[in-house]
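The structure appears right after this line, and notes come after that.
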Amino acid sequence: MKRVDWCLVRPAKPGATGVAALEGEIAVLVEQAAEEVLTEEELERLVALEDEQEEQTVLMCDAVAAPRVEDDPDWESRICDEYADTDTDLELEEYLELRAKDPDCDRCPFASPYSLYPLDPCEFSAGPLFVILGDAAVHAAAKRAMGPAEMGELADAIDTAAARGFREVPEVDARDFLKRAAHFLRFWGRHGFSVKPVEPDELPPIMTESEPPDGPDDPGEPSSYLH
């Protein structure tokens, strides 16, 4: 099944300026990383830009007042069990303090059930949509970048197409999937978020440092990771 991920694009905070320029520079560096290994300075610049972007935009958890780890009455017991299975040099009290304010994705009612959890619980894996529905207009819209208005329009189009009929597939509950896809679009659109569809299988590899040669006749090739 084709993989298409609807990734949320965070809105700018009130009064924030230059967010579009930030995102543009980040996109240039990411594209450059697909063609060559970034220098240490370029990598530091990319990290700094992403940190600045986070400061200037609304985080998903903040937008919906998502639960934090410490909101769970049993959180200390849970995190102690987690600590026992974690390879860390931190003392338990330090670890508890560090984790207390983290988003609690396990208990978050806004996490998408159709995502690559726990990698990104706030995205939606839309690939099944292209099998369940046979509507070409929906397919085209689902692969375009969308602002809040376009997200609402696509949600309406999904509902309309689903009412006409859809295909059952063994991988997912088709009716539930379509309902949640439309809800995802409407819910996050109401909070000012946009969507950027990503097709991971078609992305170029990100170049990393060259690996050591495998043998005396192997000059070594740059290693790569898919996004």
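The values are calculated or read from the model by the stated rules, or taken from the named source; none is laboratory data. Quick caveat: nothing in here was measured; it's all calculated off a predicted structure. Positions of Cβ are generated from backbone atoms using ideal geometry, with glycine treated the same way; all protein chains shown enter the neighbour counts. What goes into the accessible areas is simple: the full protein's heavy atoms, side chains included, and nothing from ligands, DNA or RNA. Shrake-Rupley method; radii C 1.70, N 1.55, O 1.52, S 1.80 Å.
Mind listing just one residue for me: the one in the stretch 1-50 that is surrounded by 16 or more Cβ atoms within 10 Å (Cβ to Cβ) and among the small types (G, A, S) and, of those, modelled with the highest pLDDT?
Once the filter is applied, the top-ranked residue is A12.
Answer with yes or no whether G127 is without any contact (Cβ under 8 Å) to a residue 40 or more places away in the chain and assigned to a loop (DSSP other than H, G, I, E, B).
It is false that G127 is without any contact (Cβ under 8 Å) to a residue 40 or more places away in the chain and assigned to a loop (DSSP other than H, G, I, E, B).
Say we look at the stretch 162-195 and pick out the residues that are in contact with a strand residue (DSSP E or B) (Cβ under 7 Å, 6 or more places away or on another chain) and aromatic (F, W, Y); which of these is farthest from C122 (Cα to Cα)?
F193
Inside the stretch 145-171, can you point out the residues that are assigned to a loop (DSSP other than H, G, I, E, B) and farther than 15 Å from W6 by Cβ?
Restricting attention to the stretch 145-171, the residues satisfying the condition of being assigned to a loop (DSSP other than H, G, I, E, B) are 145, 147, 165-171.
Residues satisfying the conditions are G165, F166, R167, E168, V169, P170, E171.
What about A100, is it open to solvent by less than 60 Å² (accessible area, probe 1.4 Å), modelled with pLDDT under 95 and over 22 Å from R10 (Cβ atoms)? Talk me through it step by step, then tell me what you get.
On the way: open to solvent by less than 60 Å² (accessible area, probe 1.4 Å): yes; modelled with pLDDT under 95: no; over 22 Å from R10 (Cβ atoms): yes.
Here the answer is no, as A100 does not meet what is asked.
Pull out all pairs, ordered by first then second residue, where Cβ-Cβ is under 7 Å, the residues are six or more apart or on different chains, the first lies in the stretch 99-112 and is over 14 Å from W75 (Cβ atoms), and the second is in a helix (DSSP H, G or I).
If the second residue must be in a helix (DSSP H, G or I), the pairs left are A111/C105; S112/F184.
Got at least one residue in the stretch 189-208 being in a helix (DSSP H, G or I), at pLDDT 95 or above and either farther than 22 Å from P11 by Cα or open to solvent by 30 Å² or more (accessible area, probe 1.4 Å) (or both)?
yes
Of all residues in the stretch 169-182, how many are in contact (Cβ under 8 Å) with a residue 24 or more places away in the chain and either under 21 Å from the mean Cα position of the chain (by Cα) or open to solvent by 100 Å² or more (accessible area, probe 1.4 Å) (or both)?
Initially, the stretch 169-182 is screened for residues in contact (Cβ under 8 Å) with a residue 24 or more places away in the chain, giving 169, 171-172, 174, 177-178, 180-182.
Cutting the leftovers down to either under 21 Å from the mean Cα position of the chain (by Cα) or open to solvent by 100 Å² or more (accessible area, probe 1.4 Å) (or both) gives us 171-172, 177-178, 180-182.
Count: 7.
What are the pairs with Cβ atoms under 8 angstrom where one residue, in the stretch 12-24, is within 9 Å of Q56 (Cα to Cα) and the other, located anywhere, is part of a strand (DSSP E or B)? Sequence gap at least six, or different chains.
Short answer, once both residue conditions are applied: A12/T57; K13/T57; A16/T57; V19/A12; V19/T57.
Restricting to the stretch 59-117, give me the number of residues that are part of a loop (DSSP other than H, G, I, E, B), out of contact with any helix residue (DSSP H, G or I) (no Cβ under 7 Å at 6 or more places or on another chain) and acidic (D, E).
Residues meeting the conditions: 5.
Restricting attention to the stretch 51-86, which residues are open to solvent by less than 50 Å² (accessible area, probe 1.4 Å) and small (G, A, S)?
If the condition is that a residue be open to solvent by less than 50 Å² (accessible area, probe 1.4 Å) and small (G, A, S), then A63, A66 are the ones that fit.
Between V47, V9, which is of a type in the set (V, I, T) and in contact (Cβ under 8 Å) with a residue 40 or more places away in the chain? Spell out the reasoning first.
Numbers: V47 fails: in contact (Cβ under 8 Å) with a residue 40 or more places away in the chain.
So the residue among V47, V9 that is of a type in the set (V, I, T) and in contact (Cβ under 8 Å) with a residue 40 or more places away in the chain is V9.
Taking the stated definitions as given, is V28 within 30 Å of V138 (Cα to Cα) and either hydroxyl-bearing (S, T, Y) or part of a helix (DSSP H, G or I) (or both)? Let's see the steps before the verdict.
Details: within 30 Å of V138 (Cα to Cα): yes; either hydroxyl-bearing (S, T, Y) or part of a helix (DSSP H, G or I) (or both): yes.
Taking the combined requirement at face value, the residue satisfies it.
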